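Please treat every number below as a calculation from the coordinates, not as lab data. Just so we're clear, the structure is a prediction, and the values are computed from it rather than from any experiment. Please note: Cβ atoms are built from the backbone with ideal geometry, for glycine as well, and neighbour counts cover all protein chains shown.
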Amino acid sequence: MKEITKNEKILEIKDDYRSHPWIDGSKDKYTTFNLIKINKDTFEAIREISQALKISQNLIHYSGLKDRCSISVQKISLKGNFFKQLKKLKIRDLFFRCIEPTKKPVKLGANRGNNFTVVIRNIEDKKNLKKNIDDLIEFLGKEGFPNYFGLQRFGTYRPNSHIVGRYLLEGNFEKAFDEFVSAKYSTESPQLQSIRSDVKNSNDLERVYETFPKSLSFERSMIKHLIDFPGDYKGCFDAIPSDLKNLLISSFQSYIFNKMISLRVKMGIPLLKPVKGDTISILDDDNGSITKIKYIYGGLYDEYLNEAIKLNRATIVVPLIGYETSLDDFPLMKTLFKEIIKQEHINNDIYKSDLLYEFGFKGSFRAMITKPTGLNVELMDDDLFPNEKKLKLEFSLLKGCYATMFLRELMK
C-alpha cells in the first residue's frame with residue numbers, strides 16, 4: 001500500500017533519496033520522511049516512534065491511516081530536528097527513508113489517495129475464469145462500487161470505535177470507557193478477554209493496571225488516570241492522543257454514512273443511477289474529487305447531471321453529518337437518516353455535542369460510489385496452491401476509499 005501525494009507521486013518502498021541536511025537558523029521546522037511499516041497500523045507505529053525518540057505523539061503528523069495487515073509507505077513529519085536520530089533509529093518492522101527538513105508538516109488528509117498491490121490466492125480454476133474476471137473488472141472500473149467505510153475504520157479486532165464515539169458524543173464517558181477498555185470481543189485471545197473483564201469486575205485497579213499488557217498503552221493510560229483520579233471517566237479520554245479521540249468520533253459519523261447506503265439498498269433504491277431527491281456533486285477537473293458545487297436531482301438540470309455522471313464529471317453524494325449539516329440539502333438521505341436514528345434510538349442532540357465543535361466536525365459529504373483507477377490485472381498459476389490460480393491486482397483509489405470494499409465486490 002503506497003501513499004499518493006497531492007502532487008500525484010506514488011511513494012515507492014525502495015525510494016531513499018539524499019536530502020540537504022538540517023541547517024540551524026533556517027525556516028525548516030519539521031523533519032519529514034517516508035515511513036515503511038510491515039504489519040503495523042499507523043497508530044502503533046507512531047506510538048513506537050514517540051517512545052523511541054522520547055517525544056509526545058502530538059508532535060507526529062501524518063496524512064492518513066494505513067492498514068495493519070500490509071507493507072505500506074506513507075509520509076510522516078516530526079516537529080523539530082530529528083534528522084540524525086532517524087538515520088540511526090532501529091525499530092522492528094519500521095524503516096525510515098527520504099528524510100528531509102521541511103518548513104511545514106504533513107497535513108491530515110493532504111494525500112491524494114493510495115496505490116495498492118494485492119494478490120488473491122487459491123482461486124479454483126473454473127471454466128471461463130479469465131473471462132469472468134475480465135468482465136467483472138471492466139464493470140467495476142466503469143461503474144464503480146459502494147464507497148463504504150471499511151472494517152478498519154471501526155476496528156478489525158475490536159470493531160467498536162463507532163460505539164465508543166457515540167458514547168462520547170452522548171456525554172456518557174463511563175460507558176465509553178467500559179466499551180474502549182473492558183468490552184470483550186471473540187476476535188481477541190481468551191487471556192486478553194479475561195483481562196478486560198477484570199477491569200470491569202475488580203475493585204483493585206492498581207492490580208489490574210499491573211497485569212494489563214503494556215502493548216495496549218491507550219487502555220493503560222486510561223486505567224492509570226482512573227487510579228489517580230477516581231471516577232473521572234471524562235478525563236480518561238484526555239489521557240489518549242487527540243488524533244485517536246478524533247478517530248473515535250469520526251467512526252460514529254462513518255457508521256451513520258454506511259447505514260444510509262445500506263438502508264438505500266434494502267429499500268431497493270438504485271446505487272448506480274440517481275433518483276429524485278439525490279444530491280449530485282460536480283467533480284474536480286484535475287483529480288476527480290468531489291467539489292462544493294452540488295445540485296438536487298429531480299429538476300431542470302437532470303439531463304445535464306445524467307450526462308455529467310456518464311462522463312465521470314459528477315457523482316451522487318451522501319452527507320457525513322456534523323453540526324453545520326443541513327439535511328435539506330440532501331432530501332432523499334434526510335428521509336433515510338430519520339429512519340436510522342429511529343432504529344438506533346439516537347437523540348438528535350448528539351449533533352450538538354461540544355466534541356463536534358472541538359474537533360471541527362462541521363459536516364461534509366462523500367461520494368456514494370467510487371471507482372478504481374490504473375487497474376492492472378494478471379491471472380497466473382498459484383505457486384503455493386497446486387492446480388489453482390492467483391490474481392495479482394494493482395490499482396489506485398482516492399483518499400478515504402477502502403481497497404477492502406473493492407476486493408469484497410470482486411470476490412463475493
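Points to keep in mind about this one:
- Projecting the alpha carbon convex hull of region 314-410 along each direction and taking the average yields 9.9 nm².
- Ranked by how many other Cβ atoms sit within 10 Å of their own Cβ, fewest first, the residues Glu3, Glu138, Glu44 fall in the order Glu138, Glu44, Glu3.
- All aspartates and glutamates inside 17 Å of Lys352 as judged from Cα atoms, apart from same-chain residues fewer than 8 positions distant: Glu170, Glu324
- The overall shape of region 166-240, judged from the alpha-carbon gyration tensor, is oblate: a/c is not under 1.5, and a/b is no greater than b/c.
- Nitroxide proxy distance, nm - points 7 Å out along Cα→Cβ at Gln343 and Leu151: 2.1 nm
- Measuring against 24 Å, Cα to Cα, the residue pairs Lys273/Lys294; Lys2/Lys126; Lys66/Lys224; Lys276/Lys412 contain Lys2/Lys126; Lys66/Lys224; Lys276/Lys412 as the ones spanning a longer distance.
- Hull volume in cubic angstrom per residue (convex hull over the Cα atoms of region 2-102): 101 Å³
- √(5λ) per eigenvalue of the Cα gyration tensor, region 244-370, largest first, Å: 26, 17, 12
- Three-way shape label, the chain, alpha-carbon gyration tensor, a/c 1.5: rounded
- Burial ordering of His20, His61, fewest other beta-carbon atoms within 10 Å first: His20, His61
- Residues whose amide H comes within less than 5 Å of that of Arg366, counting only those at least five positions distant or on another chain, are Val318, Leu320 (H built at 1.01 Å from N in the peptide plane).
- Normalising the average separation of contacting C-alpha pairs (under 8 angstrom, six or more residues apart) by the number of residues puts the relative contact order of the chain at 19 percent.
- Dipole orientation for the chain: of the candidates Ser197, Ile49, Gly322, Ile49 has the Cα lying most toward the positive pole (charges on Cβ; Lys, Arg +1; Asp, Glu -1).
- Anisotropy class of region 100-246 from Cα gyration tensor, a/c 1.5 cut: prolate
- Footprinting exposure proxy for Met333, Met222, Met1, Met267 (fewest neighbouring C-beta atoms within 10 Å first): Met267, Met1, Met222, Met333
- Between Asp135 and Gln51, the simple spin-label model (points 7 angstrom out along Cα→Cβ) gives 5.2 nm.
- For region 109-172, the dipole from Cβ point charges (+1 on Lys and Arg, -1 on Asp and Glu) about the Cα centre works out to 140 debye, to the nearest 20.
- Rounded to the nearest 20, the Cβ-based charge dipole of the chain about its Cα centre (Lys and Arg +1, Asp and Glu -1) stands at 680 debye.
- Residues of type aspartates and glutamates that Lys259 reaches as a straight line, Cα spacing below 17 Å, ignoring anything fewer than 8 places off in the same chain: Asp278, Glu339, Glu344
- A straight line joining the Cα centroids of region 321-358 and region 27-104 runs 36 Å.
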